[in-house]
């Protein structure tokens, strides 16, 4: 069997597995395709999805989820857990970073997480974020910890993102490769290389919190009960100075990612 025929067969198998929802097997076939075509970018992407992304690697957009901020704090005589309202921090950059959840786990771990009802994640700088919320709040609740809450079903979007990438790879290669009779190994390698370059493009500066096996995720059985209701007070008078200070730290890379 020629290399061109092997690639055509692999594309069909990748497509079938992706459509059937067997993303792990489809990624293993991608590694095989990368070996046939000598595509290091494709091999590396499939390996990251199979084994997880390291903290120093940029993540694709489909691995960034939105979470709700929840503060743990104290009132006289009791512990409380209260939601941090949207736009509470008063700055779009801070809000986007604080409420964004990067997912670096292997795709199999992501699939397991998707079966949970909800997932609680502790940002690396939970205490620092609590200090910022306290300064903005200037209210009666003294928060000492902030976590992010996400529905488990949100992680299914990551699986869908990987499946979409796989299907895009198959479609692009089928469109770019000539008729089988005209295929040769050089043209096959060039086509796979182009498709892989498009596949592994990632977006810019993302946070470094992980979930699942490599995170400080808290399972469903550990839930805090809200013993008092309400939301923190309005934005405090020192907001402008606090935001300016935090943004400068962000610019220097001193405190983020969460």
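The values are calculated or read from the model by the stated rules, or taken from the named source; none is laboratory data. All values reported here derive from a predicted model rather than from experimental measurement. In this analysis, Cβ positions are derived from the backbone assuming ideal geometry, glycine residues included, and neighbour counts consider all displayed protein chains.
Examine the stretch 82-92 for a residue that is assigned to a helix (DSSP H, G or I), more than 30 Å from residue 190 (Cβ to Cβ) and either in contact (Cβ under 8 Å) with a residue 40 or more places away in the chain or not assigned by TED's automatic domain parsing to the domain that holds residue 167 (or both), and state whether such a residue exists. Break it down stepwise before answering.
So in the stretch 82-92, the residues assigned to a helix (DSSP H, G or I) come out as 92.
Add one more test, that the residue is more than 30 Å from residue 190 (Cβ to Cβ), and what stays is 92.
Retained after the next criterion (residues that are either in contact (Cβ under 8 Å) with a residue 40 or more places away in the chain or not assigned by TED's automatic domain parsing to the domain that holds residue 167 (or both)): 92.
Within the stretch 82-92, one or more residues are assigned to a helix (DSSP H, G or I), more than 30 Å from residue 190 (Cβ to Cβ) and either in contact (Cβ under 8 Å) with a residue 40 or more places away in the chain or not assigned by TED's automatic domain parsing to the domain that holds residue 167 (or both).
Considering the stretch 129-149, the residues that are touching a helix residue (DSSP H, G or I) at 6+ places or on another chain (Cβ under 9 Å) and part of a strand (DSSP E or B) include one that is nearest to residue 113 (Cα to Cα), namely 148. Residue 61 fulfils the conditions (1) buried (at least 19 other Cβ atoms within 10 Å of the Cβ); (2) modelled with pLDDT of 90 or more except for a single criterion, (1). Where helices (runs of 4 or more DSSP H) fall entirely within the stretch 1-52, those with at least 2 residues that are more than 16 Å from residue 164 (Cα to Cα) and over 25 Å from the mean Cα position of the chain (by Cα) are at 3-20, 23-37. Answer yes if at least one residue in the stretch 32-46 is assigned by TED's automatic domain parsing to the domain that holds residue 194, closer than 18 Å to residue 102 by Cβ and either crowded, with 20+ Cβ neighbours inside 10 Å or out of contact with any strand residue (DSSP E or B) (no Cβ under 6 Å at 6 or more places or on another chain) (or both), and no otherwise. Yes, because at least one residue in the stretch 32-46 is assigned by TED's automatic domain parsing to the domain that holds residue 194, closer than 18 Å to residue 102 by Cβ and either crowded, with 20+ Cβ neighbours inside 10 Å or out of contact with any strand residue (DSSP E or B) (no Cβ under 6 Å at 6 or more places or on another chain) (or both).
Restricting 203, 190, 153 to residues that are modelled with pLDDT of 80 or more, surrounded by fewer than 16 Cβ atoms within 10 Å (Cβ to Cβ) and out of contact with any strand residue (DSSP E or B) (no Cβ under 7 Å at 6 or more places or on another chain) narrows the list to 153. Considering only the stretch 54-70, state which residues are in a strand (DSSP E or B) and either under 30 Å from residue 166 (Cβ atoms) or over 22 Å from the mean Cα position of the chain (by Cα) (or both). Across the stretch 54-70, the qualifying residues are 64, 65, 66.
In the stretch 95-104, the count of residues that are part of a loop (DSSP other than H, G, I, E, B), at pLDDT 80 or above and within 24 Å of residue 49 (Cβ to Cβ) is one or more.
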